[in-house]
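Here is the structure we will look at.
What follows is calculated from the coordinates using simple rules that are stated; it is not laboratory data. Nothing here was measured: the structure is a model prediction, and the numbers come from that model. So basically every Cβ, Gly included, is an ideal-geometry build from the backbone, and we count neighbours across all protein chains shown.
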Amino acid sequence: MSVPASGTASGPGEILFLAHRVPFPPDRGDKIRSHHLLLHLATLAPVHVACFGETADDMAQDGALASVSASHCLVQRRTPVALAALQAVASGKPVSLTAFASPRIRRYVDHVLATRPITAIVVFSGQMAQYLPLRRGSRFTGRIVMDFVDVDSAKFEAYAAVKPPPLSTLYRREARLMRQFEADIAARVDCSLLATNEEAELFTSRLTRQPGDGAVCALHNGIDTVYFDPAGIPQEPALLRGGPHLVFTGQMDYPPNIEAVRHFAHTVMPAIRAKLPQAVFDVVGRAPTSAVRALDGVNGTRVHGAVPDVRPWLAGADLVVAPLLIARGVQNKVLEAMAMARPVLATSAAATGIGAREGTDLVVADGSDALASAAIDLLCDPVAALALGHSGRKFVLQSRGWARSLAPLAGLVLGDDRDYRDAA
């Protein structure tokens, strides 16, 4: 931790940014959003960053943080989920908060607020709201922008509905406690952000609004259309053999991704292979669990694990699939595939918040039979698949660049959100 000596604020003052994962490198959904938020905030004012790391690679990001921040505090999160759950039950708190509790982060936040001319705090993800200066006696009078991204409590409710006991009981408890926590925070900050209009509407519907409560707004995810550009990206050699290849990308220890690939491998691929016997389902992404690894060889499924660059895998895909059964917010995997001009087949859950035209920019289907039928149609009609991919890239170029998506942030953070209100 390193904090410069206190000085006189210039311009808008300084910003404190809190994130539950270090925003470097931007190689998974939440880190992609927090990464671009941080870079944008750094163009507005000096930024002080507090965040957690989990892996050795995460903890090696000190230099990256230092390059964009006035000071930073990177803490390794070591509490196993099982231990956090026990501690949470004993304390009556949500597991989500207990797992991200850190005296060191708390001291850093208090020190920065006491010694720096902080005029705004931006919080990324609900887990970090526990560090906000909302306690009795706090002297902070600046703006607070809370980026919930999606409605965590609703996600836990969805988990509870499909998991057996005792997991269902734990998820119901987490959903109840996080829903109350979300409502409490939303009432005490200047603005709560969600990644889609749908999430913002859901979040608002779960609140009991009072006069003076903070606003609830959508701040959409973007996509780096220069990085995710098919021009000059070679196809992954593994996808040049056999096929057709249906590719899924994502963090493979994330429960919705696990359920998605298991369901697709077991219930959708048999129907696809009945029509296209050589079809392959390629699962690409870091940290595959034992349940995901067990899919390797099942109905043409291949589990590849972590790859240094996902773009060649997208470039070589005959079809990119996003068959999520539970999804919150915007699926970056869908935007990335569309930016790479690949045909995308998604469930309605995975397509929510994208804003693209169904049937023109991507294909949406729900249920095993509908997914299999749509996949077969696209794989058997490469001209239509190519047109779908080109239309998808055109959509993200026009509507989903990060500069466009984050344009309202300055007004929200600096206290003049008129341009945001006009655009919302």
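Points worth noting:
- With θ taken as phi - 60° and the Karplus curve 6.51 cos²θ - 1.76 cosθ + 1.60 applied, the whole-hertz 3J(HN,Hα) list for the stretch 345-358 is 10, 9, 6, 5, 5, 6, 8, 4, x, 5, x, 7, 7, 5 Hz, x standing for glycine and proline.
- Averaged over residues, the count of other Cβ atoms within 10 Å places the peptides 97-107, 82-92 in the sequence 97-107, 82-92, highest first.
- For the stretch 237-399, averaging the sequence separation of C-alpha pairs within contact (under 8 Å, six or more residues apart) and dividing by the residue count gives a relative contact order of 23 percent.
- Projected onto its three principal axes, the C-alpha set of the stretch 126-217 covers 46, 30, 21 Å, listed from the longest axis down.
- Restricting the stretch 175-262 to chymotrypsin sites (Phe, Trp or Tyr not before Pro) in coil, as DSSP defines it, with at most 16 other Cβ within 10 Å: TYR227
- In a fully extended conformation the segment linking HIS263 and THR289 would gain 7.9 nm over its present Cα-Cα distance, using 0.36 nm per residue.
- Packing-based ranking, highest mean first, of 304-312, 18-26 given that Cβ atoms within 10 Å are counted: 18-26, 304-312
- Long-range HN-HN contacts of ILE144 with modeled amide H, under 5 Å: ILE121, ASP190, CYS191
- Here the Karplus curve 6.51 cos²θ - 1.76 cosθ + 1.60, taken at θ = phi - 60°, turns the phi angles of the stretch 276-281 into couplings of 10, x, 8, 4, 10, 9 Hz, with x standing for Gly and Pro.
- For the chain, a Kirkwood hydrodynamic radius built from all Cα pairs, placed in the Stokes-Einstein relation at 10 °C and 1.306 mPa s, yields a translational diffusion coefficient of 71 µm²/s.
- Peptide packing: for 335-343, 183-191, 115-123, 233-241, the average count of neighbouring Cβ atoms within 10 Å per residue gives the ranking 335-343, 115-123, 183-191, 233-241, highest mean first.
- Farthest towards the positive end of the charge dipole of the chain, among the residues VAL81, CYS51, ASN299, is the Cα of VAL81, using unit charges on the Cβ of Lys, Arg, Asp and Glu.
- Each residue, ASP366 and SER67, gets one label point 7 Å from its Cα in the Cβ direction; the gap between the two is 4.3 nm.
- Unit charges at the beta carbon, dipole of the stretch 143-289: most positive-side option, GLN180, GLN235, LEU276: LEU276
- Only Lys, Arg (+1) and Asp, Glu (-1) charged, at Cβ; the chain dipole about Cα centre in debye: 1040
- Whole-Hz Karplus values for the stretch 185-202 come out as 5, 4, 6, 10, 10, 6, 7, 10, 9, 10, 7, 9, 4, 5, 5, 5, 5, 4 Hz, taken residue by residue from phi with 6.51 cos²θ - 1.76 cosθ + 1.60 and θ = phi - 60°; glycine and proline positions read x.
- Extension gain, GLN180 back to LEU240 (0.36 nm per residue minus Cα-Cα distance, nm): 16.5 nm
- The alpha carbons of the stretch 237-399 stretch over 40, 32, 31 Å along the principal axes, in descending order.
- Amide H contacts of GLY401 (H built 1.01 Å from N, in plane; Pro and chain starts excluded): ILE223 sit under 5 Å, all sequence-distant by 5 or more or on other chains.
- The angle between the Cα long axis of helix 103-115 and the main principal axis of the chain comes to about 50°, on a 0 to 90 degree scale.
- Averaging the Cα positions of each part gives two centres, and for the stretch 340-371 and the stretch 136-215 these lie 27 Å apart.
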